[in-house]
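*Asks:* Handing you this structure, nothing more for now.
The values are calculated or read from the model by the stated rules, or taken from the named source; none is laboratory data. Note that the structure is a prediction, hence the values are computed from the model and not measured. Cβ coordinates were reconstructed from backbone atoms using ideal geometry, including for glycine residues, and neighbour counts include every protein chain displayed. Surface areas here come from the heavy atoms of the whole protein model, side chains and all, with no ligands, DNA or RNA. Shrake-Rupley method; radii C 1.70, N 1.55, O 1.52, S 1.80 Å.
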Amino acid sequence: MMKLHHQIFFAMLAGTLAGSFTAESSTLLGMPIISGYDLVGSLFINALKMVVIPLIVTAIINGMVGVGDDENLGRMGLKTVVLYMSTTLVAVLIGLVAVNLFTPGIINGQPARDLLGLATETQDALAKIDGRGVGDFTEILLQMLPPNLIAAAANGQMLGLIVFSLLFGFFLRTERSSSGQSLRNIIDGIYQVVMKITMLVIRFTPLGVFALIAATVTRTGMDAIEPLAWFFLTVLVALALHAFVFMPLLIVLAAKRSPLRHIQAMTPALLTAFSSASSAATLPLSMECVQKRSGVSTRTSSFVLPLGATVNMDGTALYECVAAMFIAQAYGMDLSLATQFMIVITALLTSIGVASIPAASLVAITVILGAIGLPAEAIGLILVTDRVLDMCRTAVNVWGDSVVTVVLARSEGEETVLSLPVSKMEKVTTTDVHSTGDATVNEHS
């Protein structure tokens, strides 16, 4: 069976071709063809929105439960979460700076809404965001602790649900009773089912991409290429700055090891992440590379990496921020600092709940768009470039997980981390000595 990324690629070509030969007045069996495109595209968008709440809530709770039970794992868990949140925040800020400097949604000094076919909805979108300012900081704080979770979910206020899920997962982790274990099993079961539903939705991505692109090309022709090219470049530059400037500095300053040595060790996993666009699919190979090629103990890597595959999405959070800002620029919105702050916080928190599967960040972007008053349908603008950028940001996600794992291992006193050439490290199967002086067997899969 053809791989998903091949299907999406051909769907983009087919959508472009179909849109080129379709006029807005074209009909089929008495029905406007563009209405059919809009129907299929809307069904795809609705399916994404349908899984937002269960996916993010169960993923966050499962991630927190995975922190561990004993005091040592609790301590390591705290350091892991702090590091993951810090690196993700830096990634989002890099994306924010890049999109403000490049302004990909502004072409020749004008918003790209006409080129992207957004003119008919611009006034409605501007009306939704009109009047927002400094007072939104207070609104953000209030949304983090909603009085009614169900109402918050119904109104699309995800910040409160994310905070509640973090608290719920943290205290569920500490519950020792049999009922606590049963609840953990139930939530894990729900999460697995929601993952399958999400994967079902993702399988229809080629069809949704075809319809959304065909509708856009029918309305605007090929004029959308220029703003999308600038958007593509902006994301790549921001990802490169985070992956090849900030993360290597973190290895040098915090782990006191060579970043080039770690890049060499992680190359197989990074190539797999790029080709598969799935952190989850890459996880076994990531653990293999971190253990055998980077010299991190099984104890550390088996704890930090699986947690990172759920809660650490540097590349995804960066992409979500740039995508939301790009769409806002294309709509001609002059976003205040308060609204940009909302984008940063929402991108940071929603990235925690993004499932480590291809294109799942589309789900989180719909949350950000809703938080700043943009229509979810605008996500169709970025689907043309989404697959390639998905591959790039997934590689950054996996790279970020591995860097944090190395830093954590060094903070735990593991001296074998990145201390030998790859060829020699792969032969090491004996013991890892920690700061406590104990020796633990490094088991390799």
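*Asks:* Could you calculate the contour length gain from Asn155 to Ala14, that is, 0.36 nm times the residue separation minus the distance between their Cα atoms, to one decimal place in nm?
*Replies:* Length gained, Asn155 through Ala14: 47.1 nm.
*Asks:* With all protein chains present and a 1.4 Å probe, how do Ile190, Ile107 order by accessible area, largest first?
*Replies:* Ranking Ile190, Ile107 by accessible area, largest first, yields Ile190, Ile107.
*Asks:* From the phi of every residue in region 48-60, what ³J(HN,Hα) in whole Hz does the Karplus formula 6.51 cos²θ - 1.76 cosθ + 1.60 yield, where θ is phi - 60° and glycine or proline is x?
*Replies:* With the stated coefficients, region 48-60 comes to 4, 5, 4, 8, 4, 5, x, 5, 5, 4, 5, 5, 5 Hz.
*Asks:* Amide H to amide H under 5 Å from Ile107: which residues, 5+ apart in sequence or cross-chain, H placed 1.01 Å off N in plane?
*Replies:* Those qualifying (amide H under 5 Å, at least 5 residues apart or on another chain) are Ala112.
*Asks:* Still on this model: With just the Cα atoms defining each centre, how far is region 142-216 from region 284-335? Give it in Å.
*Replies:* Rounded to whole Å, the Cα centres lie 18 Å apart.
*Asks:* Right, next: On the accessible surface of region 240-303, probed at 1.4 Å, how many percent belong to carbon and sulfur atoms?
*Replies:* Taking all protein chains in place, region 240-303 shows 76 percent carbon and sulfur surface.
*Asks:* Multiply the residue gap between Gln181 and Ala338 by 0.36 nm, knock off their C-alpha separation, and tell me the result in nm, one decimal place.
*Replies:* Difference between extended and current length: 52.4 nm.
*Asks:* Another one. Which whole-Hz ³J(HN,Hα) couplings does region 20-29 yield from phi under the Karplus relation 6.51 cos²θ - 1.76 cosθ + 1.60, θ = phi - 60°, glycine and proline marked x?
*Replies:* Per residue, the Karplus-derived 3J(HN,Hα) values read 5, 9, 10, 9, 4, 8, 5, 10, 9, 6 Hz.
*Asks:* By the gyration tensor of its Cα atoms, with a ≥ b ≥ c the square roots of the eigenvalues, what is the shape of region 176-277: rounded for a/c under 1.5, prolate for a/b over b/c, or oblate?
*Replies:* It is oblate, given that a/c is not under 1.5 and a/b is not larger than b/c.
*Asks:* Compute the length gained on full extension between Arg75 and Ile190: take 0.36 nm times their separation in residues and subtract their Cα-Cα distance, giving the result in nm to one decimal.
*Replies:* Length gained, Arg75 through Ile190: 38.6 nm.
*Asks:* Same structure, new question: Can you sort Arg299, Arg184, Arg219 by solvent-accessible area, 1.4 Å probe, largest first?
*Replies:* Largest accessible area first, the list is Arg219, Arg299, Arg184.
*Asks:* Assuming R0 = 35 Å, what is the FRET efficiency of Leu167 and Leu260, from their Cβ-Cβ distance, to the nearest 0.05?
*Replies:* 0.30
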